[in-house]
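Colleague: Mind having a look at this structure? Questions to follow.
What follows draws every value from the coordinates through simple rules; no lab data is involved. Treat the numbers as computed from the prediction; the structure is a model and nothing was measured. With ideal geometry, Cβ positions are generated from the backbone for all residues, glycine too; neighbour counts draw on all protein chains shown.
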Amino acid sequence: MKSRELNREKGILGERVATEYLIKNGAEILEKNYKNNFGEIDIIANMDEKLVFVEVKSRTNLHFGYPAEAVDLKKRHKIIKIAKYYISEHNYMDMPVRFDVIEVFLADTKLRHIINAF
């Protein structure tokens, strides 16, 4: 399997683990892999009366650092732009918003939920 395909499989698995975790913790999943002209957001959920945009980062090891470190300033700006469009499109202007990152460590099936990551 090619590296790109393998990374996509890891991403799909990580998103599944993150979705299950969010549901277990009371989230209502509104969208998975939401796409618009600006890009894609992994998970959009209604959680604790907030509209939560979740970026999921999965790793099998830490050779390239912690997964959340991949959500750099450029990626954050992109996610915010996508979120603004989603909020406008679905008329969620009055709902509080939060941006989270969920790190999924595939080797030991653990995760770390970073609330208000940015």
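Colleague: How many residues does the stretch 1-38 contain that are within 18 Å of ARG59 (Cβ to Cβ), touching a residue at least 40 places away in the same chain (Cβ under 8 Å) and not small (Gly, Ala, Ser)?
Modeller: Final tally of qualifying residues: 5.
Listed here are the residues, each with its yes/no results for (1) on the phi > 0 side of the Ramachandran plot; (2) hydrophobic (A, V, I, L, M, F, W, C).
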| site | (1), (2) |
| --- | --- |
| LYS32 | no, no |
| ASN37 | no, no |
| ALA45 | no, yes |
| GLU49 | yes, no |
| VAL56 | no, yes |
| HIS63 | no, no |
| TYR66 | no, no |
| GLU69 | no, no |
| ILE80 | no, yes |
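Colleague: Here are some residues: ALA83, ALA117. Which one is within 14 Å of ILE43 (Cβ to Cβ) and in a loop (DSSP other than H, G, I, E, B)?
Modeller: Numbers: ALA83 fails: in a loop (DSSP other than H, G, I, E, B).
Criteria check complete, one pass: ALA117.
Colleague: Same structure, new question: When the residues of the stretch 81-104 are narrowed to those that are loosely packed, with under 15 Cβ neighbours inside 10 Å and hydrophobic (A, V, I, L, M, F, W, C), which ends up nearest to the chain's Cα centre (by Cα)?
Modeller: MET95
Colleague: Take the conditions basic (Lys, Arg), assigned to a helix (DSSP H, G or I), more than 16 Å from ALA117 (Cα to Cα) and over 13 Å from the mean Cα position of the chain (by Cα) and apply them to ARG16. Does it pass? Please lay out each step first, then the result.
Modeller: On the way: basic (Lys, Arg): yes; assigned to a helix (DSSP H, G or I): yes; more than 16 Å from ALA117 (Cα to Cα): yes; over 13 Å from the mean Cα position of the chain (by Cα): no.
No; evaluated as a whole, the condition is false for this residue.
Colleague: Residues of the stretch 46-80 being outside any loop (DSSP other than H, G, I, E, B), over 16 Å from ILE115 (Cα atoms), without any contact (Cβ under 8 Å) to a residue 40 or more places away in the chain and not hydrophobic (A, V, I, L, M, F, W, C), which ones?
Modeller: LYS74, LYS75, HIS77
Colleague: Against the conditions (1) without any contact (Cβ under 8 Å) to a residue 40 or more places away in the chain; (2) exposed (fewer than 15 other Cβ atoms within 10 Å of the Cβ); (3) not in a strand (DSSP E or B), where does ALA107 fall short? Just the number, please.
Modeller: ALA107 satisfies every listed condition except (1).
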